[in-house]
Each structure stands twice: as C-alpha cells, then as structure tokens.
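Read the structure below first, then the notes.
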Amino acid sequence: MRDTIQYSTFAIIGLLLFQDVVSVVGGFIGVVRIPELWFPGKLDLFFNSHHIMHVMVVLAVFHMNLATNGDIRWILDNYSKEQCVTLL
C-alpha cells in the first residue's frame, strides 16, 4: 500500500480549491445557460449547459476523491496503529 501517490499539504489544498472553483463555475454555467445564449437552438442535444454542468460535477468529485485519499494517506503515515485504528 506504500506505492500510492504522495501528496503534499499544499497539493491537497490545491485539489480542494480546484474542486470548489469547478463546482461554482459549473453551477454558474448551468444557471446562466451560457452556451444557449451564444448559440441559440444549436446545442439542444449536445454541449448544452446542463451537460457541461454534469461534466464539471464529475470533475469536482474526482478531485474531491484525490484530496480525500491524500488526507487518508497522511493520517496513515503520521499516526501509529495505536492512535488510529484502520482496516488495512
């Protein structure tokens, strides 16, 4: 289990900030409907604001997963088994 990617504290914070920015931008695109404003009637099936919002949500959840895995790895590396009960 030691062959996983090691993230620094700043990388974890960056992942969390990126997740928040992507979520806000995706929500903004979904509410304002930017693609439909620029190309009215041409993006009804693909690349509409609802689809873009879903892609942004998946991207944000992926980065949240990376940050959470980095936090868990930090806990496992910095606490002894007596301090932190884990299921390995």
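Nothing in this text is a laboratory measurement; each read-out follows from the coordinates by a stated rule. From a predicted model like this one, the values you see are computed outputs, not experimental measurements. Cβ coordinates were reconstructed from backbone atoms using ideal geometry, including for glycine residues, and neighbour counts include every protein chain displayed.
Any chance you could count how many residues in the range 26-53 are touching a residue at least 24 places away in the same chain (Cβ under 8 Å) and exposed (fewer than 13 other Cβ atoms within 10 Å of the Cβ)?
Of the residues in the range 26-53, 0 are touching a residue at least 24 places away in the same chain (Cβ under 8 Å) and exposed (fewer than 13 other Cβ atoms within 10 Å of the Cβ).
Quick one: in the range 54-81, of everything that is within 19 Å of ILE13 (Cβ to Cβ) and of a type in the set (S, T, N, Q), which residue is nearest to the chain's Cα centre (by Cα)?
The residue in question is ASN65.
Within the range 36-53, which residues are under 20 Å from the mean Cα position of the chain (by Cα) and hydrophobic (A, V, I, L, M, F, W, C)? Before you say what the answer is, go through the steps one by one.
In the first step, residues of the range 36-53 are kept if they are under 20 Å from the mean Cα position of the chain (by Cα); the result is 49-53.
Scanning the range 36-53 gives ILE52, MET53.
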